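Take a look at the structure set out below.
The values are calculated or read from the model by the stated rules, or taken from the named source; none is laboratory data. Just so it is clear, the structure is predicted and the values come from calculations on it, not from any experiment. No Cβ is skipped: glycine too gets one built from the backbone with ideal geometry, and neighbour counts run over all protein chains shown.
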Amino acid sequence: MQAPAFLRLSFWSAKRFAILIGFALTALGTLGPQFYVSAVEDSSAETDQFAKSLTARIDTLRSAQSQYLLFEQMGVLVYALNASGLAAAGSSQHDTLSGLYQLALLDRSTSMRQMIGELARARQLTYRETSDKYGALIATARKDVSLASYQAVDDFETQTMRRADALMASLQESLLSAQRTKGELDSLAARRKLQLIVIMTLGSTLLLAANLMSEKATPQTEAPASSDEVAAAERLIELAMRQSKSLGDGMTAETGETLTSRNEGLRP
């Protein structure tokens with residue numbers, strides 16, 4: 001039983017070989033975006049989404065800290081006026097200052113609980129336990145306007161603010177790392193798209209060479225023209241093969257560099 005014709009070496013003329021390689025390169029260039037580029041673009045989109053979530057968390061912490069500092073300063077001022085004895089106990093001024101102080105405690109507690117929530121999201125504390133402890137301190141300070149209750153609330157809030165500052169620094173570092181990774185992925189996707197364009201161009205060049213080889217020469221210069229066309233086509237094929245080989249080596253080296261930097265620093 002004879003082997004199929006395409007398995008015999010004599011079957012593969014320069015023309016047929018050029019058609020085969022040209023078709024393969026063209027098909028690779030057409031299908032490449034689905035397998036060679038889309039994975040990198042998906043990774044870039046995921047990294048971009050992660051960076052946006054980090055930005056939102058940083059903005060939440062920054063806004064909560066700003067609001068807390070505003071109400072905390074108001075509370076300090078009201079407490080100082082109340083503690084200085086400017087208003088006699090039982091007077092309307094004293095009652096007004098006490099009410100303002102209690103209101104300032106409630107206002108600053110809202111911002112503080114936002115920071116506690118972000119710290120709990122980062123697994124640095126337990127939200128319910130910490131929030132209940134803070135709520136008990138606020139309730140005590142509202143009932144007893146004393147230096148001890150004021151100091152207890154202030155110490156708790158100061159410690160929480162420091163932890164929030166550390167968390168913001170960690171999130172900012174992760175954000176910068178994510179932005180760098182996204183830039184690298186975008187550059188890699190652009191390079192791969194360019195490589196696919198070059199591959200398609202090489203495929204088209206080989207198909208053109210095959211078409212030139214298949215054309216018949218005019219009767220006046222049949223032998224010389226045919227010989228020249230074959231030589232030109234062979235030169236085109238040789239050039240295209242060299243370019244394809246060098247491009248393939250570059251793509252292999254690039255694929256071997258697995259995107260190790262993709263997940264570096266992406267966790268706060």
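Quick notes on this one:
- From the list 171, 212, the lone residue that is farther than 30 Å from residue 134 by Cβ, out of contact with any strand residue (DSSP E or B) (no Cβ under 8 Å at 6 or more places or on another chain) and either among the hydrophobic types (A, V, I, L, M, F, W, C) or touching a residue at least 12 places away in the same chain (Cβ under 8 Å) (or both) is 212.
- Taken over the range 134-164, the criterion of being surrounded by fewer than 14 Cβ atoms within 10 Å (Cβ to Cβ), touching a residue at least 12 places away in the same chain (Cβ under 8 Å) and of a type outside the set (A, V, I, L, M) is satisfied by 135 alone.
- Whenever a residue of the range 6-21 is over 25 Å from residue 199 (Cα atoms) and in a helix (DSSP H, G or I), its partners that are of a type in the set (Gly, Ala, Ser) and modelled with pLDDT under 65, lying with C-beta atoms within less than 8 angstrom and at least six residues away or across chains, give the pairs 11/5.
- Pairs are defined by a Cβ separation below 6 Å, a sequence spacing of at least 6 or placement on different chains, a first member in the range 23-35 that is within 20 Å of residue 210 (Cα to Cα), and a second member that is aliphatic (A, V, I, L, M) and in a helix (DSSP H, G or I); the pairs so defined are 25/199; 25/202; 26/200; 28/199; 29/196; 29/199; 29/200.
Table: residues versus (1) over 29 Å from residue 26 (Cα atoms); (2) among the polar types (S, T, N, Q); (3) modelled with pLDDT of 70 or more.
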{"residue": "146", "(1), (2), (3)": "yes, yes, yes"}
{"residue": "154", "(1), (2), (3)": "yes, no, yes"}
{"residue": "158", "(1), (2), (3)": "yes, yes, yes"}
{"residue": "177", "(1), (2), (3)": "yes, yes, yes"}
{"residue": "184", "(1), (2), (3)": "no, no, yes"}
{"residue": "199", "(1), (2), (3)": "no, no, yes"}
{"residue": "204", "(1), (2), (3)": "no, yes, yes"}
{"residue": "218", "(1), (2), (3)": "yes, yes, no"}
{"residue": "241", "(1), (2), (3)": "no, no, no"}
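- The residues on offer are 90, 99, and the sole one that is surrounded by fewer than 20 Cβ atoms within 10 Å (Cβ to Cβ), modelled with pLDDT under 90 and within 19 Å of residue 150 (Cα to Cα) is 99.
- Note on the range 102-127: among residues that are among the β-branched types (Val, Ile, Thr) and outside any loop (DSSP other than H, G, I, E, B), the one that is farthest from the chain's Cα centre (by Cα) is 110.
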